[in-house]
Amino acid sequence: MSSTRKILLILGFLSTLAVIALIAVAVTQNKPLPKNIKYGIVLDAGSSHTNLYVYEWPAEKENDTGVVKQVEVCKVEGPGISGYSHATEKAGPSLAQCLQQAKEVIPSTQHKETPVYLGATAGMRLLRLENESAADEVLSSVETTLRLAPFNFQGARIITGQEEGAYGWITINYLLGSFKQSGWKKLLHSLKSTSETSGALDLGGASTQITFVSKELSSESPENQLYFRLYGKDYQVYTHSFLCYGKDQALQQKLARDLQTVESSSLLDPCFHRGYQRTINISDFFKNPCTSDKKKQLPFSQLYIEGEGDYQKCRENIQKLFDKTNCPYSSCSFNGIYLPPLQGDFGAFSAFYFVMNFLNLAGEASPVPLNKVTRTIESFCARPWQEVKTMYQNIKEKYLSEYCFSGAYILSLLENGYEFTEDNWQRIHFLGKIGSSDAGWTLGYMLNLTNMIPAEEPAVPPLSHGSYVGLMVLCSLVLVSVLLFAWLLFHKPKCLQKGVV
Ligand SMILES: Nc1ccn([C@@H]2O[C@H](COP(=O)(O)OP(=O)(O)OP(=O)(O)O)[C@@H](O)[C@H]2O)c(=O)n1
Ligand SMILES: [Ca+2]
């Protein structure tokens, strides 16, 4: 064997060894470390009920988008915390069972470091207007209970309508991955220019929020304008929260209007099914800040409501809740509130979803056209109460009896209030969950308070661990093949040489 051949053989052998070593190091050195999971708890103290959410995320990926997910939701028994205004000391203890559930989900070694937040929404905003000291007592009762839990208490407060709108928008766009793409996805998205955000529509029991990115640069109404810098991008967002326009309070407002013209203590209501009856107490009715301006002395203390099941009449009745007469801006939704032109897709959640989902109109696969939605709600309202009740025996009577009103109210709010049309109706997507997480303001609230959404894009390697190892292996294999090929080409072994028999 010639000396050059020997050197080549050694070189070939050494490079094969080097490649094997390289692959071994790449695979072992970059093996992901065992997952270090963090947890966070948010209580959504809504007007109709309280939900406790447990979120988890890998500690080392805290600043990435889309890594936080909901692992548990617990529905607190009984009314929302604002419902404890006559027994404020009972508000806190009502949360005990769900806190116990959170203790079981989160490993006990991590209880102390797990932040817990409580945000109260429109029910408590109303209670604060009606009876401030009762609202304070309710909040201090829930604070006492939360401080006694083994978690890291971070506060219990009434959030503003603006915050509620903004955090709902952050939640859905975080979960939909609209904020940030990394690596190849980012390149693909910038080519397709699809990195748009979705607007957020939230319908609660006592308030409703509309939030979306608006191109209208000059802000006519600064209180509706929010600026965010998220993952290195600026967002100009419009938001408004309508107190008293959640579905329960809208019904109260409608009834308060009806009460202005009733002649006796019984009322024929087109928004309830034929055969349905309900009694309301007049004494408490006008204490509510949503109805107090319609206060009227009546010669009876109870109102007997009887359903009529007439969708068209119900729509006309509800439409009166949206005052379109005065607009001090270039454009308005209703009640003189600024609304820039609607833009982009919208995610509609909470009662928007509960109601449309019940009516099979959420259109999870593809949006249901507006005329079909109208026809469906119209025929649902026309069904007699006995028939509806028999058909849906496992649905709470309170919810079931109001789906006709709610369907008509949702259409009225979207069509008359915000002026969605047949065309852009298709851009509304009714959604309950995105992945495993509920759509709502709680996730966005936690992301903000734990500083998990950076203003600037974090410096991340362009390739994921898997792609990096894959590329290493591929390059190494190519290298070995080239070397082997070169060796074979220049130093054909005897057995491959022509003429050797
Ligand atoms: N399966 C369900 C669940 C809830 N609801 C109704 O939907 C409304 C809104 O519920 P939710 O979004 O939970 O409101 P809250 O958060 O309690 O109210 P707010 O946000 O205004 O404080 C309530 O009237 C509730 O009765 C319903 O019709 N069907
Ligand atoms: Ca809510």
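The values are calculated or read from the model by the stated rules, or taken from the named source; none is laboratory data. Nothing here was measured: the structure is a model prediction, and the numbers come from that model. Every residue, glycine among them, receives a Cβ derived from its backbone with ideal geometry; neighbour counts consider all protein chains shown. Just the protein is used for accessible areas: all its heavy atoms, side chains included, with ligands, DNA and RNA removed. Shrake-Rupley method; radii C 1.70, N 1.55, O 1.52, S 1.80 Å.
Summary of values
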| quantity | calculated |
| --- | --- |
| Helix runs (DSSP H) in the chain reaching 30 Å along axis by Cα, Kyte-Doolittle at least 1.6 | 3-29, 465-490 |
| Anisotropy class of segment 46-142 from Cα gyration tensor, a/c 1.5 cut | prolate |
| Rg followed by Dmax, in Å, when segment 207-288 is reduced to its Cα trace | 20.2, 62 |
| Two-decimal log10 I(q)/I(0) for segment 256-337, as the Debye equation yields it once each C-alpha is a single scatterer, q = 0.15, 0.17, 0.24, 0.25 Å⁻¹ | -0.67, -0.81, -1.18, -1.22 |
| Above-threshold pairs, the threshold being 19 Å between Cα atoms, out of Lys38/Lys103; Lys320/Lys372; Lys247/Lys396; Lys294/Lys320 | Lys320/Lys372 |
| Length-normalised contact order of the chain in % [C-alpha pairs under 8 Å, at least 6 apart] | 17 |
| Dipole moment magnitude, nearest 20 debye, segment 283-329 about Cα centre, only Lys, Arg, Asp, Glu C-beta charged | 220 |
| Binned Cα-Cα distances of the chain, short to long, each 20 Å bin given as a whole percent | 19, 45, 21, 9, 5, 1, 0 |
| Cα-only Debye scattering, segment 300-349: base-10 log of I(q)/I(0) at q = 0.21 Å⁻¹ | -0.91 |
| Where the chain is the region considered: accessible area per residue in Å², 1.4 Å probe | 50 |
| Check: the chain dipole with +1 on Lys, Arg Cβ and -1 on Asp, Glu Cβ, in debye | 2480 |
| Accessible-area order (highest first, 1.4 angstrom probe) of the listed residues Ile305, Ile10 | Ile10, Ile305 |
